[in-house]
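Let me begin by presenting the structure, written as structure tokens, before commenting on it.
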Amino acid sequence: MDKASQGRVRDWAPRSIGLLLGTLALATAFIAAYVGALHQPTPRDLPVGVARGDQRAEATLAAVRGQTNKIKAIEYDDQGAAEHGLLSRAVYAVLSSRDDGLLLTVASASGPSATSAIREVLATAASRGGPGLQVVDEVPVPSTDPRGVVPFYLNVGYVLGGYLASTVLGISADTTPRTARRAGLRIAALAVYSVLLGVAGALVVGPGLDIWHHDVPTIAAIGALAVFAAAMFASAIQGWLGVAGTALVILLLVVLGNPGSGGIYAPEFLPTPLRDMHRWNIPGLANDLTKAAVYFDWRSAGWPALALALWAVLGGFGLLTASLVRGRRPDAACPGPTPDGG
């Protein structure tokens, strides 16, 4: 091997070994996160609403709580407030007493796994102490999505598309735009892409698969916001850390983000470190916003919509500042003009 070839090997080998080791670490983390979170999902503290003063319902929940931690009673001032908690997704079910027994009102669209577990526990308890339990599903999942997984998988695709678009532009045009103008052009390109992917996803689950055919504009708008938030989040990290930032993006959005989104299982089925992740990570926020809009008439949509918008704004700001701070460094030089201005 001549000296030139030896030099190329010396230049290539450390970088390649480093990338392979990073990939190995990410893949191992992926296995640990998914298998660890989902191999034995066990519900804990599933919230069930009850009106204060409803003695039979309160006594039933108290008795169940003394035997298992699967459910947790959430008290409301009256029955109307409890039903509002159900429709705003604060609780999965409401237990109330009737002349002929107990009534459990559930919203399976909020989480079929959660409502099934609640129904099983309370049906057993009610059968021991009285005439049994009547169940009414106030917000059911559609027959086209009996397991309630469409919001999760739809938004996995949206988030995946967002960070892949950012990564593709970073590879083709350099991760850090050299000027704020070029950063602005990249943001604009990703915004157009986000709208197109949002519409494409809505058409797939709407006319394509006939799941939510009456909610195409709503799903398209939510999808565009989710894609753009993911793309801006990824662009900001890649703008500051370079290609190596992609590993951090994958870790946060995929390795931890997907199992922690509360999509396949309700958050109460997940290990403690992942239980509340859906309240702030992009996949979880997109999943919550989709359910709120499609099934619950926009109740509980405020925080997910605001948080996704904040991620998009903060990501755009992060990319702009990266271009101003790092964009003119020699290692961030752009190979030439590109469609996105990177």
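Residues of region 262-295 that are outside any helix (DSSP H, G or I) and among the charged types (D, E, K, R): Asp276 alone.
Residue count for region 220-246 under the criterion of being touching a Phe, Trp or Tyr at 6+ places or on another chain (Cβ under 6 Å) and either aliphatic (A, V, I, L, M) or over 16 Å from Ala292 (Cα atoms) (or both): the result is 6.
A quick yes/no check of all residues on (1) at pLDDT below 95; (2) of a type in the set (Phe, Trp, Tyr); (3) part of a loop (DSSP other than H, G, I, E, B); (4) crowded, with 18+ Cβ neighbours inside 10 Å:
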| position | (1), (2), (3), (4) |
| --- | --- |
| Asp297 | yes, no, yes, no |
| Pro304 | no, no, no, yes |
| Leu310 | no, no, no, no |
| Leu319 | no, no, no, yes |
| Thr338 | yes, no, yes, no |
| Gly342 | yes, no, yes, yes |
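Here Gly257 meets each of (1) farther than 14 Å from Phe152 by Cα; (2) crowded, with 21+ Cβ neighbours inside 10 Å; (3) within 13 Å of the chain's Cα centre (by Cα) with one exception, condition (1). Scanning region 53-73 for residues that are closer than 14 Å to Ile118 by Cα, part of a loop (DSSP other than H, G, I, E, B) and charged (D, E, K, R) yields one hit, Lys70. Listed conditions (1) free of Cβ contacts under 8 Å to residues at least 40 places away in the same chain; (2) in a strand (DSSP E or B); (3) of a type outside the set (Val, Ile, Thr) are all met by Ser96, apart from (1).
Hey, among the residues in region 87-99 that are touching a strand residue (DSSP E or B) at 6+ places or on another chain (Cβ under 8 Å) and farther than 11 Å from Val50 by Cβ, which one's surrounded by the most Cβ atoms within 10 Å (Cβ to Cβ)?
Tyr92
Annotation: Ala125 fulfils all but one of (1) touching a strand residue (DSSP E or B) at 6+ places or on another chain (Cβ under 9 Å); (2) closer than 30 Å to Thr290 by Cβ; (3) not in a loop (DSSP other than H, G, I, E, B); the unmet one is (2). Residues Thr105, Thr68, Thr144, Thr60: which one is surrounded by fewer than 16 Cβ atoms within 10 Å (Cβ to Cβ), more than 18 Å from Pro43 (Cα to Cα) and outside the structural domain of Thr272 (by TED's automatic domain parsing)? So the residue among Thr105, Thr68, Thr144, Thr60 that is surrounded by fewer than 16 Cβ atoms within 10 Å (Cβ to Cβ), more than 18 Å from Pro43 (Cα to Cα) and outside the structural domain of Thr272 (by TED's automatic domain parsing) is Thr144.
The values are calculated or read from the model by the stated rules, or taken from the named source; none is laboratory data. Note that the structure is a prediction, hence the values are computed from the model and not measured. As a convention, Cβ positions derive from the backbone with ideal geometry for all residues, glycine included, and neighbour counts pool all protein chains shown.
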